[in-house]
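Below: the structure, in structure tokens.
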Amino acid sequence: MQDHNKRFVERDRNWHPPAYAPGYKTSVPRSPQQALASMQQATASELTGPDFRHLRMGPHDNDLLLNFREDPSLAGAAGLPVGERIIMFGRVVDQFGKPVPHTLVEMWQANAGGRYRHKNDRYLAPLDPGFGGVGRTLTDEQGWYRFRTIKPGPYPWPNDPNSWRPSHIHVSVMGPSISTRLITQMYFEGDPLIPLCPIVHTIKDPAAVETMIGRLDMARSKPMDCLAYRFDLVVRGELQTFFENQ
């Protein structure tokens, strides 16, 4: 008989930012005011699915250089996006290194000037008429995913008088079930703004911060075209820890 207790992996709380972090000011009103409810019995919806293999994907859903101009409402947009062309790629695996195939990976980002295509973004950098800033893809049989995009620019934000976010790409990956969804950010290797960011400061373990940094990969870069950054994503997988008391 298999001893499942030996396969239990305890969650390391130092790898996750606290809900209440006064240095990251918007976390103060968003943090829970009461104890979290514990899920004693997981249901099928938390343990399985959804199955994305039948999701209809556009031919350029993972190519942000092309997908925005294909929107029928934006037929007048002309030209490729402005900025440094990059490839973002990696593998989605569980905590034991097992690949997670056919799972949905979504991403969104600012343009090369550091501005999002969002009605609430008031940064003075201009919008790029050829860039929407969102993409999606499914992992292959071995858990690999790939995007082609523009390296986003840093931008100021009102956390402190002179706070700037490092260049980053937001990433959502579902994993093998709805309960393993992970939302994180990929920073870029060598960015001097990373150690200055109040959001990064909420993570206590420096090794955890390193897992959010995309690494330059010259072997996957395309000469005279674009650099490549590898960013692997680890979800809890088949043996994920639902709550610390399970």
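A few points about this structure:
- The stretch 170-201, residues that are crowded, with 17+ Cβ neighbours inside 10 Å and within 22 Å of Ala21 (Cβ to Cβ): His170, Val171, Gln185, Met186, Tyr187, Ile194, Cys197, Pro198, Ile199, Val200
- Among residues of the stretch 23-77, those that are of a type in the set (A, V, I, L, M) and modelled with pLDDT of 85 or more, counted: 6
- There is at least one residue in the stretch 90-100 that is modelled with pLDDT of 95 or more and buried (at least 20 other Cβ atoms within 10 Å of the Cβ).
- Residue pairs whose Cβ atoms lie under 9 Å apart, sitting 6 or more positions apart in sequence or on different chains, and linking a residue in the stretch 190-217 that is within 22 Å of Val28 (Cβ to Cβ) to a partner that is in a helix (DSSP H, G or I) and among the basic types (Lys, Arg), are Lys204/Arg13.
- Any hit, the stretch 205-218, residues being over 21 Å from Ile87 (Cα atoms), assigned to a loop (DSSP other than H, G, I, E, B) and within 16 Å of the chain's Cα centre (by Cα): no
- Applying a threshold of 6 Å to beta carbon distances and a minimum spacing of six or more residues, or different chains, the list of pairs starting in the stretch 40-57 at a residue that is touching a residue at least 12 places away in the same chain (Cβ under 8 Å) and ending at one that is among the hydroxyl-bearing types (Ser, Thr, Tyr) reads Glu46/Ser179; Leu47/Ser177; Thr48/Ser177.
- Of all the criteria given as (1) open to solvent by 50 Å² or more (accessible area, probe 1.4 Å); (2) in contact with an Asp or Glu (Cβ under 9 Å, 6 or more places away or on another chain); (3) of a type outside the set (Val, Ile, Thr), the one not satisfied by Gly113 is (1).
The values are calculated or read from the model by the stated rules, or taken from the named source; none is laboratory data. None of these values were measured; they are calculated from a predicted model. Cβ: placed from backbone, ideal geometry, glycine included. Neighbour counts: every protein chain shown. Accessible surface areas use protein heavy atoms only, side chains included; no ligands, DNA or RNA. Shrake-Rupley method; radii C 1.70, N 1.55, O 1.52, S 1.80 Å.
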